[in-house]
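Heads up: the structure comes next, in structure tokens.
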Amino acid sequence: MAERIVSPGVFTRENDLSFLAQGVGEIGAAFIGPFKQGTAFVPTVVRTQSEFEDKFGTPDGTYYTEYAVQNYLREAGSATIVRVAGVDGYSQVAPIGIAVSGSAGIKLISTLHSTHNGDEEVGFSGFSISDGSTATGSFVVSGSGIGEISSSLDSTDNNDVTDVFGSNPRGSKDAYAYSYFKNAYDGIEDKNEVQSVVLPTQNFSYDASTAVTPYVKSQLISGERYDLFKFYTLGHGNGENKRFKISISGVKAAGEDGGTDYSVFSVTVRSYNDTDKRKVVLESFNNVNLDPGSANYIARVIGDRWSTIDSNGKITENGDWINNSKYIRVKVGEQGSYPVSAAPFGHGAYSNPIKATDETIVPAVVLQTGSIANTTGNPQFYAGFDFESIGIKDDNVNYMNPLPESVGVGSNVVFGFDGNVSGVGLTLEMTGSATEDMIKRQFSLGFQGGFDGMSPNREIALGSSISTGNSQGFDLTDSTKFGSKAYAKAVNAVSNADEYDINMVVTPGIVRRLHPAVTTDVLDMVEARQDCFYISDLTGVNDTISQVTTQANAIDSNYIGSYYPWVKTVDSNTNKLISVPPSVLLPAVYAANDAIAAEWFAPAGLNRGGIIGAVSVLNRLTHSERDTLYENKVNPIASFPGQGIVAFGQKTLQDKASALDRINVRRLLINVKKFVASTSRFLVFEQNTAQTRGRFINTVQPYLEGIQQRQGLYAFKVVMDESNNGPDVVDRNILAGQIFLQPAKTAEFIVIDFNILPTGASFSA
């Protein structure tokens, strides 16, 4: 079938003429998989371990991908991270709400969610709370979905909710404390009765999301308070709720100190766990304003760009200003125009973390208040969201839990300097006018709503526990499951070769035998790109040689390679040995090979195949077993006494015997094709003349000569002249060229004849 050429571009073709008779540049790996934090589904380049940890979290042994990147960056200059997060969300069926009644009405004190039980969550039904006591707050939870459990709301008797149930979604109890508002309980003077409340099904049915603050609000202007701006985290996930906080300070009224017609203020990104007396400042943006025409416009200074990713992995960039912050972006209010005198004077309401029945009062976020008098203003004091008070802080941490889809926005937590704390009976002591001495008026606010898109009950599955239904928290049973869809989205995101320059792809924690849908997606992607190589794990930790060869023989492609067996490495966090798949450590082998030699050298053997970080192999192979693996296209990982653990093969998974059944030749072709495509791109739309053809030859030929001199080629020939650019070709607006390559072969089989001579024979004979 003739090649279809429609739009202008560079088209390359391979003609494999190396069939045997019977008998690229700096490696740039893409790591696709889960990470603790960071932007989900958007390919992100990191160049150092510190940059990686800043964006995706400090490795703690949670995911194979952490080990893979950490090991790789010791040898390579950069890596592309594609974080896989949850899609579709989950439903928490019938959580139990524990409430206390008093004169002020019913107050929700805690919510109990079901823990993990096998592969399914326990659903509560027919539950009840009995033996509720006024004196101690004791109660018993029982029902068809949960065993009888005694507890209390008295933290002094070591039998309260957190002691009995804990907060671990994968604990031994049938339920865990999703939230526990101790401060709400302690604030009730007349505790009449502990009781259950009806909570709706908690639907977390949305994809991974970033965290967001409430709107920063203006002072009251003609009876109206305006939404000025709010902040989003750049990373997705549950952990984003409790990583940062925002402080607003240095507020100056419009025109103050010779300023502009707009208010001026400072924005500080701080660690969530610091204190006002000991601030941990991550970033500061000083003297910003709300003037769109100013160089100090808040959106211009901080940035307002964000990405949307559809189910096919297509990324759309939104916003007007590049993100200069490493942690946040800003969104200016949609309320329309507002007076230029508007200044940051507080923040809006937070969303209720648990929405119960109408008669149930959901605990409000606790605000920090105090005296802000002209003469007594405390420069260390930040009003607003309370991050520090003993007892209160724990409540606010619970308030930041991932939010169900059905939550509402409370009206009892609006904060403002010039009025009051709406609905909770707390006021700030103020002196002077609303705009006087504003520099002393500073406040902090937190993030809410970050979500991984996954149930916390999903187990992290490393080592022998890896399965189809639960690999590192993802259900990969088949292509319809949320884990397979999430990986497909991530793979599609990095499929554009024009946008993302990668030479290698790895998916640590994904194995072909258990997760065929994912590996097929990745293989299809690299074959479509034709400029990267897939290091794929075919089998799990304890799988046999027969199982791995069966998987290998089901694949025919020279864009993929695999290794056996799994290896053990040291977890730097615990100093314990852990089992990891080959794809965790092999990318570093490739990077080291390229650093000391080149892509066309084999990343194998004692000279360049040493597996950095490997302590032992899970299956010490015999010579016969290595033969079996190599005959079936699987590269053995061998352990040689005194010489270390090495990759002792470099086969692709191509069936037919040709030069392209070797990894070094495939990577040579990737390197050459990348160079030629990049060079030729400058010739598109140039005149199809001898001069243009000469430019191509004069560029490509020295490059190939360099590879030949560095032992990558035996010989080559470049043809781009009238012989392949006849009138019919030129008339179709095609510039045709041919490059003939004889790739250098590796000496994988060394045969030495030992000849035993009779006594008296001459060695010269």
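A short reminder: the numbers here are calculations on the coordinates, not readings from a lab. Predicted, not measured: the structure shown is a model, and the values here were computed from it. As a convention, Cβ positions derive from the backbone with ideal geometry for all residues, glycine included, and neighbour counts pool all protein chains shown.
How large, in Å, is region 37-93 by the Kirkwood hydrodynamic radius built from its alpha-carbon pairs?
12.3
Pick out, in residue order, every one of the GluC sites (Glu not before Pro) in region 290-359 that is DSSP loop and has at most 15 other C-beta atoms within 10 Å; say none if there are none.
Glu334, Glu359
Kindly provide the GluC sites (Glu not before Pro) of region 439-543 that DSSP labels as loop, not H, G, I, E or B, and whose Cβ sees at most 12 other Cβ atoms within 10 Å.
Taking region 439-543 and a limit of 12 other Cβ atoms within 10 Å, the loop GluC sites (Glu not before Pro) found are Glu499.
Among Arg695, Arg710, Arg270, Arg13, what is the fewest-to-most ranking by other Cβ atoms within 10 Å?
Starting with the residue having the fewest Cβ neighbours, the order is Arg13, Arg710, Arg695, Arg270.
Classify region 596-745 as rounded, prolate or oblate, taking a ≥ b ≥ c as the square roots of the eigenvalues of its Cα gyration tensor: rounded when a/c is under 1.5, otherwise prolate if a/b is larger than b/c and oblate if not.
Note, shape of region 596-745 comes out prolate.
Grab the DSSP H runs of the chain that are 4 residues or longer, score each as -39,500 (n - 2.57), total them, divide by all residues and round the 222 nm result to the nearest 500 deg cm²/dmol.
Computed mean residue ellipticity for the chain: -5500 deg cm²/dmol.
Taking a cut-off of 40 Å, what percent of all Cα-Cα pairs in the chain are separated by more than that?
48
Starting from the amide H of Asn632, placed 1.01 Å from N in the peptide plane, find each other amide H under 5 Å away whose residue is 5 or more places distant or on another chain.
Excluding prolines and chain starts, which carry no amide H, there are no hits.
Quick check on region 450-561: take the gyration tensor over C-alpha atoms, sort the square-rooted eigenvalues as a ≥ b ≥ c, and tell me if it's rounded (a/c under 1.5), prolate or oblate.
oblate
Amide H of Ser557 versus every other amide H placed in the peptide plane: which residues, excluding those fewer than 5 positions away on the same chain, fall under 5 Å?
Hits under the 5 Å cutoff: Leu653, Gln654, Asp655.
Is region 621-667 best put as rounded, prolate or oblate by its Cα gyration tensor, with a ≥ b ≥ c the root eigenvalues, rounded for a/c under 1.5, and otherwise prolate when a/b is larger than b/c, oblate when not?
oblate
Explain nothing, just compute: Karplus ³J(HN,Hα) = 6.51 cos²θ - 1.76 cosθ + 1.60, θ = phi - 60°, for every residue of region 215-230 in order, whole Hz, x for Gly and Pro.
5, 6, 10, 7, 5, 5, 10, 6, x, 10, 10, 9, 7, 8, 6, 9
Return the sequence-ordered ³J(HN,Hα) values of region 537-549 in whole Hz as given by the Karplus equation 6.51 cos²θ - 1.76 cosθ + 1.60 applied to θ = phi - 60°, using x for Gly and Pro.
8, 8, 9, x, 4, 10, 6, 8, 4, 4, 5, 6, 5
Compute the distance from the alpha-carbon center of region 532-599 to that of region 271-287, in whole Å.
43
Give me a comma-separated list of calculated 3J(HN,Hα) values for region 590-599, in order, Karplus coefficients 6.51, -1.76, 1.60 applied at θ = phi - 60°, integers in Hz, x for any Gly or Pro.
Values per residue, Gly and Pro as x: 4, 5, 5, 4, 5, 5, 9, 9, 5, 4 Hz.
List the relative contact order of region 609-765 as a percent without decimals, with contacts defined as Cα pairs under 8 Å and 6+ residues apart.
Computed value for region 609-765: 14 percent relative contact order.
Under a 5 Å amide H to amide H cut-off, with H placed in plane at 1.01 Å, what residues pair with Leu713 once short-range neighbours are removed?
Gln708, Ala744
Restricting attention to region 186-255, which GluC sites (Glu not before Pro) occupy a DSSP loop and are surrounded by at most 10 other Cβ atoms within 10 Å?
Sites meeting the loop and neighbour criteria: Glu189.
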